[in-house]
Amino acid sequence: MSKSSPHSQSLLGGPEPVRRRPRGQRQNWAAYLFLTPWFAGMLFTVVPFAASLYLAFTDYDLLTPAKWVGLDNFRELFADERLHHSLMVTFVYTFVSVPLSLAVALGVAMLLKSGVKGLPVYRAVFYLPSLLGSSVAVVMLWRAIFGSNGAVNKFLELFGIHGPSWTSDPDTSLSVLIGLHVWTFGAPMVIFLAALKQVPVSYYEAAAIDGAGKWRQFRSVTLPLITPVIFFNLVLSLIGSLQTFTQGYVFSNGSGGPADSTLFYNVYLYQQGFTSFNMGYASAMAWLLLVIVAAFTALNFIAQRYWVFYEND
Amino acid sequence: MSATTTPLEPQTSGADSPGEHSDDHIETVGSTPWKRFSRHLLLCLVGAVMIYPLLWLVSSSVKPDDEIFSDLSLWPSHFDFSHYTKGWNALDHSFGLYLVNSLLLTALAIAGNLVSCSMAAYAFARMQFRGRKLFFAMMMGTLMLPAHVLLVPQYILFSKLGLLNTYWPLLVPNFTAGNAFFVFLMVQFMRALPRELDEAARIDGCGPFRIFWRIVVPLCMPAFATTGIFTFITTWNEFFSPLLYLTDSRLYTVPLALRQFMDSQGTSSWGQMFAMSVVSLAPVVGFFIAGQKYLVKGIATTGLK
């Protein structure tokens with residue numbers, strides 16, 4: 001399918017005047033009619049986007065008119081210890097859970113790749129949690145399972161291990177949520193699986209003839225060929241997990257506790273914006289996160305040149 | 001939820017054609033029975049860990065209260081369904097009301113997404129118009145835009161319009177093709193439809209609207225199914241927007257209602273909480289089982305979760 005149509009040249013009227021254009025090749029008004037809802041939606045995105053930038057330089061509490069304060073909010077950002085802490089929580093969560101869940105996803109996808117009896121069942125069981133991972137019910141369930149007398153500790157007791165009170169100990173509470181994230185590895189796994197099936201079997205055969213063992217085949221054939229998909233999953237997971245909210249909020253009942261150990265950046269943003277109604281400050285926070293997310297994404301795109309392999313190159 | 005741009009496209013365009021059907025043959029090639037057995041063992045182990053929390057939830061919802069945290073066994077000593085009846089009425093309103101609220105919201109969200117996204121996708125995929133490239137780039141840009149940047153101004157807007165404690169703030173994005181993932185999914189799908197169909201219809205005198213309605217829409221049903229199921233699951237689970245915009249407990253959706261079990265942490269109500277959790281998850285699991293095929297396809301083409 002060529003999506004770039006020839007109309008740009010033929011409009012210039014150049015040397016091929018007889019080329020018949022099918023009726024309606026340009027359908028401006030009809031297209032705009034189809035796009036009306038989308039235009040409304042864009043208005044609803046672009047205006048708030050600009051307004052948010054403006055608000056970041058103001059003090060605003062929803063009741064009194066916004067007051068321009070220049071860079072005050074940003075100065076405050078740099079001095080706000082709790083904000084730094086929330087950033088730390090978010091980073092630790094992201095940089096531990098994203099690689100971990102991608103590794104598990106890839107590992108399990110490798111197990112399923114070469115065709116296993118009952119593949120649809122396995123795939124369903126592994127994938128289902130990723131649909132439930134952000135639901136309130138499951139976050140509360142994890143709280144219960146990891147509670148001091150929850151199922152996990154009961155299980156550990158079988159081996160004589162006295163587990164900590166995972167959820168109420170600030171040292172372990174975040175790891176419970178990291179565990180929850182890893183539990184939802186099914187979504188990237190399905191993507192890996194699709195990619196793995198695209199690797200031509202002949203490549204493996206050629207590698208095997210050259211004497212490559214299973215591990216070597218994985219390192220030298222599979223891995224390079226699926227780097228675009230790893231990259232893709234990495235970018236998505238990173239963007240998503242930097243913006244984690246529900247897990248932290250429900251887990252700590254909105255407080256980010258115990259001892260701020262699950263105070264995700266967006267939970268803190270919510271507290272500032274919609275509990276304390278510091279909407280100017282919350283906007284500044286939102287922009288800081290936007291910059292951070294954009295920076296990580298850009299970094300990823302720059303780094304991909306060195307490790308992502310595109311077969312067509 | 002998150003989604004993507006194009007890098008996946010080339011790999012997955014034929015994603016499930018070579019795989020699924022030949023699975024059983026491949027397994028026997030080059031693997032010993034022992035290897036096969038150990039692989040299944042490993043997979044079952046992982047599967048058990050994955051599914052255990054959910055089974056524990058279901059079992060705890062029918063266990064007598066004193067057994068929930070004292071007994072590892074998934075099989076209750078006797079079945080106690082009272083958590084369901086008690087939990088149903090434990091909150092300000094009957095749980096039935098929350099279910100109806102969620103259902104209503106979800107149905108409207110699905111309708112909105114299907115209508116607005118398919119219209120936008122049709123324009124992008126099948127029509128030539130001024131600004132097409134720019135608009136398409138903008139749409140893909142919104143895929144990357146973190147929603148929280150828009151949050152504060154949107155909240156202010158809705159509050160000034162007096163729309164807090166209504167479903168409008170939750171539904172506006174659905175009716176304005178605000179979910180770029182679905183637009184993108186449908187664009188991908190429509191591009192793959194043979195253009196000759198449009199041409200033939202055009203020669204027969206169909207305008208763009210008839211082509212859309214009579215040709216493109218009927219052929220896009222699989223993409224619509226994917227969109228519908230994903231919309232169902234995300235809207236059903238959605239916690240943040242309802243938390244932000246709904247404070248009147250009569251309007252609460254299921255996730256907001258569920259959270260109240262934790263607010264009023266009477267430790268005796270664990271069983272009720274679990275029972276209502278099961279009620280809240282059951283539709284998602286049901287939809288998942290019914291629509292698995294479309295889901296897997298949807299993730300493979302767009303990376304949705």
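A short reminder: the numbers here are calculations on the coordinates, not readings from a lab. It should be emphasised that the depicted structure is a prediction, and the values quoted were computed from it without experimental measurement. Cβ sites come from the backbone with ideal geometry, for glycine too, and all protein chains shown count toward neighbours.
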Legend entry - Spans of helices (runs of 4 or more DSSP H) in the stretch A:171-236 with at least 3 residues buried (at least 18 other Cβ atoms within 10 Å of the Cβ): A:173-183, A:186-196
Inset, instruction - Tell me which residues, restricted to the stretch B:63-84, are away from chain A (no Cβ under 14 Å) and either in a helix (DSSP H, G or I) or closer than 19 Å to residue B:250 by Cα (or both). - result: B:82, B:84
Inset, instruction - Test residue B:224 against the criterion of being buried (at least 18 other Cβ atoms within 10 Å of the Cβ), hydrophobic (A, V, I, L, M, F, W, C) and closer than 17 Å to residue B:184 by Cα, and give yes or no. - result: yes
Inset, instruction - Go through (1) under 26 Å from the mean Cα position of the chain (by Cα); (2) at the interface with chain B (Cβ under 7 Å from one of its Cβ atoms); (3) buried (at least 20 other Cβ atoms within 10 Å of the Cβ) one by one and return the number of the condition residue A:111 breaks. - result: (3)
Inset, instruction - Select, from B:112, B:87, the only residue that is within 13 Å of chain A (Cβ to nearest Cβ), surrounded by 21 or more Cβ atoms within 10 Å (Cβ to Cβ) and in contact with a Leu (Cβ under 8 Å, 6 or more places away or on another chain). - result: B:112
Legend entry - Residue within the stretch A:47-54 that is more than 30 Å from residue B:292 (Cα to Cα) and hydroxyl-bearing (Ser, Thr, Tyr) present: yes
Inset, instruction - Would you mind stating whether residue A:153 is in a loop (DSSP other than H, G, I, E, B), within 12 Å of chain B (Cβ to nearest Cβ) and either free of Cβ contacts under 8 Å to residues at least 12 places away in the same chain or not hydroxyl-bearing (Ser, Thr, Tyr) (or both)? - result: no
Legend entry - Positions within the stretch A:26-61 being without any contact (Cβ under 8 Å) to a residue 24 or more places away in the chain, facing chain B (nearest Cβ under 7 Å) and either closer than 11 Å to residue B:149 by Cα or surrounded by fewer than 14 Cβ atoms within 10 Å (Cβ to Cβ) (or both), in sequence order: A:28, A:45, A:48, A:49, A:51
Inset, instruction - Could you tell me which numbered condition residue A:162 fails, if it satisfies all but one of (1) facing chain B (nearest Cβ under 7 Å); (2) over 30 Å from residue A:214 (Cβ atoms)? - result: (1)
Inset, instruction - Would you tally the residues in the stretch A:118-143 being touching a Gly at 6+ places or on another chain (Cβ under 6 Å) and more than 7 Å from chain B (Cβ to nearest Cβ)? - result: 1
Inset, instruction - Please enumerate the residues belonging to the stretch A:81-101 that are under 14 Å from residue A:182 (Cα atoms) and of a type in the set (Gly, Ala, Ser). - result: A:97, A:101
Inset, instruction - Test residue A:194 against the criterion of being within 13 Å of chain B (Cβ to nearest Cβ), touching an Asp or Glu at 6+ places or on another chain (Cβ under 8 Å) and within 18 Å of residue B:181 (Cβ to Cβ), and give yes or no. - result: yes
